[in-house]
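The structure appears right after this line, and notes come after that.
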Amino acid sequence: MRKSFYLAALAAIAMTSCSQDEVINDAPALGNGSAITFSTILDKSPISRANTVTKGDMRNFRVVCYDWDNTHYFGPTSVTSTDGNIWTYTGIHNWKQKDKALRFFAIHGTANSYFKEPVTGDEGITGNKYPFLKDIPIHSPVYLNANGEYTDQNGQKQGVSGAQVGHEMHDICAAFYEGKEGDGKVKLNFMHLLSKIEVQAKNANYQATDGSQAKRKVEVMGVRLKGMYQYGTWTYNVADAVQNTAHSNFTGTWTHDKEGANPTGDTWLRWHVGETPVTLNDNYQSILPLNESFMVFPTVESDQEAGTTAYDKTNAPNGTYLSVICRVTTTDAAGNDHVVVGTSTTYAMAMVPVSFKLQQGKKYTFKLNFSNGSGQTDPTPPVDPDIEKPGQGGGGEDHEGAPIDFTVDVDNWTDGTQPGEVTM
């Protein structure tokens, strides 16, 4: 899905959803005729760095099995593959009875640490008594260096000089399968649980034209999303009664309450302090480090829902927005430079109010046009030392006013009082 924004006068265009083409790869049997074997299905969404899972690069998941009475059978068990086709695990688990169905719940995450077994107090009605994800955090901020490594604010990697690095963006996938031994391999159809956001920008006035020296330079260090969910608990929604037909159909529910914590906050991706920014030209390009993507919690479950409420200065501090860490320098016709966003040594936040309507498993691309404007001041700027705080106002003020235009009129000549005829 795509949205475009002009930073001076906001203009959103229609969004279109990305396609999902499924690929099935069956794993060969293990030697034991009644052994449980796995195959996986996953959509072929485009991969951008390591934070997006595809069938081609998926190498591990964890699975838990329950029997026809919803009694725990085994797991969580780690299942791995070297090529995405043949899946193995330690030991062998057999089907308990040939004509009795088993239920399999699987989770994939980059660190494979998301699977949670229910504990006392977590058990509930449909769904909650099965394995689920509890209080998964979306950490902020996230810094990267030129090598694509996650760092702290100053570019230090985890553990170097005591550096503590924020949680990288993960693509979390889940699958469910219910079937009997006679149905064959356990076919796990993994679904993306989060929403993916890409941010692109351009500046059509990056170079002078028509013999003039006038131009704009836009340098970008990263992007911030404000007002997103910070925590998420996800549960499988499957029927209590085991069905007698092999299937992998299921849904899940996200909830975002976390005791003692604000459910909303911000998430942002940026180069670390001192890294080289991205300089915009007249082609749309990613303004996230190394084409990284935001992985965030969905904000709606269907197209019928309204989504979040965009930031409005009259209703501050509520509302959601997208903010770009940038410096904008204009050059006038005489060749003189003027920094209009940030300073010669710091950056500022260029904010655009956005109503986020994000569905699970969908990708959204926001396009920002810096050609003639730089958005508004961020009402709550980050504390990084290379980001300038607004000098006045509470946020929501335009960084740049409208271009200065002149209108010219010349009064017509009119007759004054005539002096009369003079004899020389």
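The values are calculated or read from the model by the stated rules, or taken from the named source; none is laboratory data. Just so it is clear, the structure is predicted and the values come from calculations on it, not from any experiment. Note: ideal-geometry Cβ built from the backbone for every residue, glycine included; neighbour counts use all protein chains shown.
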Which ones in the stretch 284-312 are surrounded by 16 or more Cβ atoms within 10 Å (Cβ to Cβ), in contact with a Ser or Thr (Cβ under 6 Å, 6 or more places away or on another chain) and not in a loop (DSSP other than H, G, I, E, B)? Val296, Ala310
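The rows are residues; the columns are (1) part of a strand (DSSP E or B); (2) more than 23 Å from Pro317 (Cα to Cα); (3) at pLDDT 85 or above.
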residue	(1), (2), (3)
Met221	yes, yes, yes
Ala239	no, yes, no
Asn244	no, yes, no
Asn249	no, yes, yes
Thr253	yes, yes, yes
Asp266	yes, no, yes
Glu275	no, yes, yes
Please verify whether Trp254 is of a type in the set (Phe, Trp, Tyr) and within 19 Å of Pro381 (Cα to Cα), treating the condition exactly as stated. no
Looking for something surrounded by fewer than 19 Cβ atoms within 10 Å (Cβ to Cβ), closer than 21 Å to Ser286 by Cβ and out of contact with any strand residue (DSSP E or B) (no Cβ under 7 Å at 6 or more places or on another chain) - is there at least one such residue anywhere in the stretch 204-216? yes
Evaluate the stretch 315-336: report whether one residue or more is more than 19 Å from the chain's Cα centre (by Cα), within 21 Å of Asn372 (Cα to Cα) and without any contact (Cβ under 8 Å) to a residue 12 or more places away in the chain. yes
Quick check on my filter: what residues within the stretch 151-169 are modelled with pLDDT under 80 and part of a loop (DSSP other than H, G, I, E, B)? Gln158, Gly159, Ala163, Gln164, Val165, Gly166, His167, Glu168, Met169
Of all residues in the stretch 141-151, count the ones that are touching a residue at least 60 places away in the same chain (Cβ under 8 Å) and in contact with a Leu (Cβ under 9 Å, 6 or more places away or on another chain). 7
Could you list all residues from the stretch 131-150 that are surrounded by fewer than 21 Cβ atoms within 10 Å (Cβ to Cβ) and part of a loop (DSSP other than H, G, I, E, B)? His139, Ser140, Pro141, Asn145, Ala146, Asn147, Gly148, Glu149
Any pair with Cβ under 7 angstrom, 6 or more apart, that starts in the stretch 73-87 at a residue that is under 14 Å from Ala106 (Cα atoms) and ends at one that is surrounded by 16 or more Cβ atoms within 10 Å (Cβ to Cβ) and small (Gly, Ala, Ser): Trp87/Ala27; Trp87/Ser81
Qualifying residue in the stretch 201-220 (condition: of a type outside the set (A, V, I, L, M) and within 30 Å of Glu301 (Cα to Cα)): no
Consider Thr267 carefully, then state whether it is surrounded by 14 or more Cβ atoms within 10 Å (Cβ to Cβ) and β-branched (Val, Ile, Thr). yes
Just a yes or no: is a residue in the stretch 175-189 within 26 Å of Lys362 (Cβ to Cβ) and of a type in the set (S, T, N, Q)? yes
If a residue counts only when it is modelled with pLDDT of 85 or more and on the phi < 0 side of the Ramachandran plot, which strands (runs of 3 or more DSSP E) contained entirely in the stretch 1-110 have at least 3 such residues? 60-66, 72-80, 102-108
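Let's see how each residue does on (1) of a type in the set (Val, Ile, Thr); (2) within 30 Å of Asp384 (Cβ to Cβ); (3) within 19 Å of the chain's Cα centre (by Cα); (4) crowded, with 22+ Cβ neighbours inside 10 Å:
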| position | (1), (2), (3), (4) |
| --- | --- |
| Val165 | yes, yes, yes, no |
| Glu168 | no, yes, yes, no |
| Glu178 | no, no, no, yes |
| Asp183 | no, no, no, no |
| Leu188 | no, no, no, yes |
| Val220 | yes, yes, yes, yes |
| Tyr231 | no, yes, yes, no |
| Ala241 | no, no, no, no |
| Ala246 | no, no, no, no |
